[in-house]
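Dropping a structure here in structure tokens format, bear with me for questions.
The values are calculated or read from the model by the stated rules, or taken from the named source; none is laboratory data. If you're wondering where the values come from, they're calculated on a predicted model, not measured in any experiment. When we count neighbours, we look across all protein chains shown, and the Cβ atoms used for this are built from the backbone with ideal geometry, even at glycine.
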């Protein structure tokens, strides 16, 4: 039997309805049906929604994709020697921080992509698959439901980013000066703030879009917003505007890598754009990681609140 | 166990000693506190701070009931909907609708498509927010307090469980939201899954189940918190006849547990079989409400004409046919087959009894006398026709 036939057989396997089971054999008292429990706190209910969403992620493709990406990191790192394009995309150095940044140079696109996959249709899926009709009438507030799901998505993407940093650190144990500074930790913090921004923006969009979308938030976060930031300084030739736009939260990952000493990030919109139109635009992303972190958190919180406002008022 | 407070008896349920009351969402509360061997009710105007103060003393609060300012709410009622209105833009889906479901009552919510049944049920469960009106579940305002849904089970618009979860995992999710311990969840999960005959499928993915099985899992989820009010919106829609019968059987078992039920359905047989009362709505307004049998009886009295079918053993002679045709109130006589006749009858109960006497006078043996015309279907048709005429 071919693999295709086996797969088709597996898909066809549907359990046939059966009524042969015996009915209940416990009395109401034995089944504790007359016991009344007090509802848990709002935080506890939020955590329950969080765990349920995490459990759902473990059975979805996003988890497989993330694991593959993490496994690929060392493979690409060791395989790149001698391959020009990979050496250009993932530059190496004897300085540990720069070497780590080189390994993580895919991060700007990956964070946006993973956030979009994890959050893009998380809420709309609940309504389309009609699972919300089961969860929302339960005695918990919509805020618990909303925040529980968001926290799960944020943990997933944040966890992958943290794991990527960990793997990069392990990979630089050899061939570098092994000088690990606080900049590495600060870079991780900025990256997590950027993850928060990406997740909350995508999550907010998923509350508005009926069918959810992975592509739309990706285009918005990776292309539209950075493009605006790159083009506007051409019309307003003022350094201040250029500097302010450099702190748009969509450049969070660039800032995180800049902190590690990798100033010319290739795989980000800024890097790609400056390669296509070199010298035309003198635009650089913000340099202060604290300001960037604050901007990411505040804008993320704003989008998160907007999303909650939509969900709270939504008639299912 | 019953406690007496201000002349108002209150049923006290068995409370788990480990459970902690959640005061966060109620401003006014009735508290049940054990002092010595007795149980006492504290005043209904007690606020959260007072309750917290009680807890710091030797008095331990073991339960509470959030209350609203309206003192007449929830007396003997599981559900009290008052002047509910829901507008979607310019369209009014529910218009000033009032509904009362007593404790232990099974009520059917009937109406044609677009009448506002689902909107009413969604408003009650908080899936949509009402434009106007109040909804009290067991005396608690469900719009203001989400914990009003603690003792409510519902199946609204064929909900789906997470397809990559098993029934046991769904029970765990619902149980933890209700604050049950793991041990308790295991006991109750087994109980409700056995009740809906899904216990043997407890570890299979719900995504692999048939529609009927998924619906039974939804019903198990609804029954998991041991609700005293169950809300069902077309629970048998899309099921095969066997699935329908199974779901109905499960719903009938709720009667034994003194639960209240509000069921919205298009299947009139379900209402006549299960419900004690019914409310019929059209264009978001109540057309009629009351006891099912009384409403049908009233219809029969108003309509007068019913169709009667007789099945007898023996030869139907021409004399018998002419005699029965000559009886007062009999019209449209029709011979259906061997030993079977059908006719319209418009007369009193005595005259109807005379027909039976006539059968025996002709030495025929009566097998069956079926009276149709005054049933829930004719009531439904009459009321919807009237509503249609009124609109025209």
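From the list B:175, B:179, which one is closer than 29 Å to residue B:203 by Cβ, modelled with pLDDT of 90 or more, buried (at least 21 other Cβ atoms within 10 Å of the Cβ) and in the same structural domain as residue B:262 (by TED's automatic domain parsing)?
B:175
Okay, moving on. Taking the stated definitions as given, is residue A:86 in a helix (DSSP H, G or I), in contact (Cβ under 8 Å) with a residue 12 or more places away in the chain and more than 14 Å from chain B (Cβ to nearest Cβ)?
No, not satisfied.
I've got another one for you. Between a residue in the stretch B:194-205 that is within 11 Å of residue B:253 (Cβ to Cβ) and any residue that is at pLDDT 85 or above, which pairs come within a Cβ distance under 6 Å, given they are 6 or more apart or on different chains?
Close Cβ pairs satisfying both conditions: B:196/B:216; B:196/B:219; B:196/B:220.
Then there's this: Based on what the data block shows, is residue B:261 within 9 Å of chain A (Cβ to nearest Cβ), touching a residue at least 60 places away in the same chain (Cβ under 8 Å), within 12 Å of the chain's Cα centre (by Cα) and crowded, with 19+ Cβ neighbours inside 10 Å?
The answer is no for residue B:261.
Right, here's the next one. Considering only the stretch A:99-155, give the helices (runs of 4 or more DSSP H) lying wholly within it that have at least 3 residues that are out of contact with any strand residue (DSSP E or B) (no Cβ under 9 Å at 6 or more places or on another chain).
A:107-119, A:122-128
Another question, then. Being farther than 15 Å from residue B:153 by Cα, within 10 Å of chain A (Cβ to nearest Cβ) and surrounded by fewer than 19 Cβ atoms within 10 Å (Cβ to Cβ) is the requirement here; does residue B:248 meet it?
Taking the combined requirement at face value, the residue does not satisfy it.
So, in the stretch A:192-240, of the ones that are under 21 Å from the mean Cα position of the chain (by Cα) and not in a helix (DSSP H, G or I), which residue ends up nearest to residue A:302 (Cα to Cα)?
Ranking the qualifying residues of the stretch A:192-240, first place goes to A:209.
I'd like to check something: does the stretch A:180-188 contain any residue that is out of contact with any helix residue (DSSP H, G or I) (no Cβ under 8 Å at 6 or more places or on another chain) and surrounded by 23 or more Cβ atoms within 10 Å (Cβ to Cβ)?
no
Also, I was wondering about something else. So for the stretch B:204-218 (the condition being touching a strand residue (DSSP E or B) at 6+ places or on another chain (Cβ under 6 Å), modelled with pLDDT of 85 or more and either assigned to a loop (DSSP other than H, G, I, E, B) or under 25 Å from residue B:104 (Cβ atoms) (or both)), does at least one residue qualify?
yes
In the stretch B:123-175, what count of residues is obtained for those that are more than 7 Å from chain A (Cβ to nearest Cβ) and within 15 Å of residue B:262 (Cα to Cα)?
Qualifying residue count, the stretch B:123-175: 10.
Could you grab me the full set of residues in the stretch B:119-139 that are modelled with pLDDT under 90 and over 18 Å from residue B:83 (Cβ atoms)?
B:138
Tally up the residues in the stretch B:184-203 that are at the interface with chain A (Cβ under 9 Å from one of its Cβ atoms), over 12 Å from residue B:166 (Cα atoms) and assigned to a helix (DSSP H, G or I), please.
8
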